Amino acid sequence: MLSPIVEAIGLLAIGLGIATGAFGWGHAWAFLLVAYGLAFIASLWAMVLDARTDPERIRGSDVLRRLRAMLLEQFGYRQLTVYWRLRG
């Protein structure tokens, strides 16, 4: 329930940190890589669990399509969902 608030504060803090010079782009990229990398790993783990519970439902082409969607979700769509969840 608090995740959109925490994520929005984190994104604002990164923007303000860069704008004020409190930290550089290297630190911002490292933080974003860790944060969105962990989100990707959580999605990947969910896909693995889904495949283990119903192995006949997932084909090879589905795995590649899901991996591509998980990667693309982290850039743009995730930030939109934060906005939508904050409005909700």
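Go ahead and run the numbers for FRET between Leu67 and Ala22, Cβ-Cβ distance against an R0 of 41 Å, rounding to 0.05.
Working from the Cβ atoms, E equals 0.70.
Using alpha carbons only, how many degrees (0 to 90, rounded to 10) separate the axis of helix 3-20 from the longest principal axis of the chain?
So the inclination is approximately 40 degrees.
Per the 1.4 Å probe, what fraction of the accessible area of region 1-69, in percent, lies on carbon and sulfur atoms? Show your work: numbers first, answer last.
On the way: 3850 of 5210 Å².
On region 1-69, the fraction of accessible area on carbon and sulfur atoms equals 74 percent.
Return the equivalent ellipsoid semi-axes of the chain as a descending list in whole Å, where each equals the square root of 5 times an eigenvalue of the C-alpha gyration tensor.
They are 31, 15, 10 Å, listed from largest to smallest.
If I take R0 = 25 Å and measure r between the Cβ atoms of Ser3 and Leu33 in this structure, what FRET efficiency does the formula 1/(1 + (r/R0)^6) give, to the nearest 0.05?
0.85
Please compute the contact order of the chain in relative form: average sequence separation of alpha-carbon pairs under 8 Å and at least six residues apart, divided by the residue count, as a percent.
So the answer I get is 44 percent.
Rounded to the nearest whole Å², what accessible area per residue is found for the chain with the 1.4 Å probe?
Using a 1.4 Å probe on heavy atoms only, each residue of the chain averages 77 Å².
What is the sum of charges, Lys and Arg at +1 and Asp and Glu at -1, for the other residues whose Cβ falls under 12 Å from the Cβ of Gln79?
On the way: positive: Arg78, Arg85; negative: Glu7, Glu73.
So the environment of Gln79 carries a net charge of 0.
Given axes a ≥ b ≥ c from the Cα gyration tensor, I'd like to know whether region 33-76 is rounded (a/c under 1.5), prolate (a/b larger than b/c) or oblate.
Verdict is oblate for region 33-76.
The values are calculated or read from the model by the stated rules, or taken from the named source; none is laboratory data. The shown structure was predicted, so the numbers you read here are calculated from the model rather than taken from an experiment. Cβ sites come from the backbone with ideal geometry, for glycine too, and all protein chains shown count toward neighbours. Surface areas here come from the heavy atoms of the whole protein model, side chains and all, with no ligands, DNA or RNA. Shrake-Rupley method; radii C 1.70, N 1.55, O 1.52, S 1.80 Å.
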